[in-house]
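Inspection log for the structure reproduced underneath, given as structure tokens.
The values are calculated or read from the model by the stated rules, or taken from the named source; none is laboratory data. On a predicted model such as this, the values are computed, not experimentally measured, just so you know. FYI the Cβ positions are ideal-geometry reconstructions off the backbone, even for glycines, and counts take in every protein chain you see. Quick note on the areas: whole protein, heavy atoms, side chains included, nothing else; ligands and nucleic acids left out. Shrake-Rupley method; radii C 1.70, N 1.55, O 1.52, S 1.80 Å.
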Amino acid sequence: MPDPVLQVSDVTAGYVPDLPILHGVSLTAERGRITLIIGPNGAGKSTLIKAIAGLIPVSAGRLTLDGQDVTHIRPDQLAAYGIAYVPQTDNIFRSLTIRQNLDLALRRAGGDAAARRNQLLTQFPALADKQHDRAGTLSGGQRQFLAIAMALARAPRLILMDEPSAGLSPKATAEVLEHARKLTADGVSILLVEQNVSQAMKLADHCYILAEGRNQVDGPAAELIGNKVVGEIYLGGRRMGAA
Ligand SMILES: Nc1ncnc2c1ncn2[C@@H]1O[C@H](COP(=O)(O)OP(=O)(O)OP(=O)(O)O)[C@@H](O)[C@H]1O
Ligand SMILES: [Mg+2]
């Protein structure tokens with residue numbers, strides 16, 4: 001049975017007034033699922049994530065989280081609503097240690113922050129081993145794990161992830177995406193933007209294709225992978241098949 005966490009209904013948004021980038025975009029993220037957004041460069045994928053995160057104004061349409069209106073949420077209210085955002089770039093503080101990064105993310109978590117930090121370090125052993133090192137010394141994959149750990153600090157119900165595999169090796173990409181899958185087993189919902197289409201499609205439950213700020217096609221990821229027309233037009237044709 002469908003169990004939507006986030007509903008995006010007919011959203012128009014952009015960076016400057018009267019110049020929309022998103023033109024009436026709609027999507028639903030189901031609970032405990034990975035909902036994937038793909039599309040060409042400049043399609044508006046990051047813009048959509050930023051609109052959900054309250055970083056840019058929504059000029060028309062509506063966002064609801066478990067039925068509650070969150071259309072005009074401010075970024076500083078996100079965590080209180082149970083939404084975490086992992087930006088496409090600059091998602092950790094390189095000059096701080098791993099532990100300091102986590103403590104920053106935990107500073108408004110309430111409860112026993114030290115206990116929560118230890119839980120997160122247990123979940124990410126590679127980070128635990130290096131917790132006193134500066135985050136800038138981590139590998140690309142480990143940096144993404146730190147960004148994800150920071151997103152998990154306040155036990156979100158929905159995580160917005162914008163291209164977590166950008167710049168990573170195929171192996172690190174697989175590790176990061178598999179970790180995203182593990183999180184859904186705990187009931188966390190993930191809205192994932194990815195350029196590594198073939199890897200992400202195998203992992204995702206449902207997939208939306210955006211282009212030019214508009215919905216193009218959507219459907220169960222397993223069905224879209226096998227759809228020849230979708231493959232040719234939106235997924236890079238042979239590259240998709242060869243992967
Ligand atoms: N800060 C900004 N100010 C004004 N326009 C922007 C800004 N950021 C992005 N845009 C424009 O919005 C459009 C959509 O960009 P967006 O970053 O959402 O695309 P994307 O689908 O995430 O692409 P990519 O795959 O390259 O990350 C582009 O035309 C881009 O030039
Ligand atoms: Mg982007």
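Could you look at the stretch 72-219 and say what percent of its accessible area is carbon and sulfur, using a 1.4 Å probe and all protein chains? Ligands and nucleic acids excluded, carbon and sulfur reach 48 percent.
Where only DSSP H runs of four or more residues are counted, the chain gives -10000 deg cm²/dmol as its mean residue ellipticity at 222 nm, each run worth -39500 (n - 2.57).
Can you give the angle from 0 to 90° between the axis of helix 140-152 and the longest principal axis of the chain, with both taken from C-alpha atoms, to the nearest 10? So the inclination is approximately 90 degrees. Among the trypsin sites (Lys or Arg not before Pro) found in the stretch 76-170, those both in a DSSP coil and sparsely packed, with 15 or fewer other Cβ atoms within 10 Å of their Cβ, are R94, R107, R108. Mean projection of the Cα convex hull over all viewing directions, computed for the stretch 119-176: 4.3 nm². Take every Cα pair under 8 Å whose residues are at least 6 apart in sequence, average their separation, divide by the length of the chain, and the relative contact order is 26 percent. The residues of the chain present an accessible area of 48 Å² per residue when probed at 1.4 Å with all protein chains retained. Each of G136, L158, S46 was scored by the projection of its Cα onto the charge dipole of the chain, and the greatest displacement toward the positive side belongs to G136; charges sit on the C-beta of Lys, Arg, Asp and Glu. In the chain, the longest principal axis of the Cα atoms and the axis of helix 170-185 are about 90 degrees apart. Taking all protein chains together and a 1.4 Å probe, the residues H179, H206 rank H206, H179 from largest to smallest accessible area. Segment Q123..A80, full-extension length gain: 13.2 nm, with 0.36 nm per residue of separation and the alpha-carbon distance subtracted.
The angle between the Cα long axis of helix 113-123 and the longest principal axis of the Cα atoms of the chain comes to about 70 degrees, rounded to the nearest 10.
Ordered from highest to lowest accessible area with the whole protein assembly present and a 1.4 Å probe, T89, T28 read as T89, T28.
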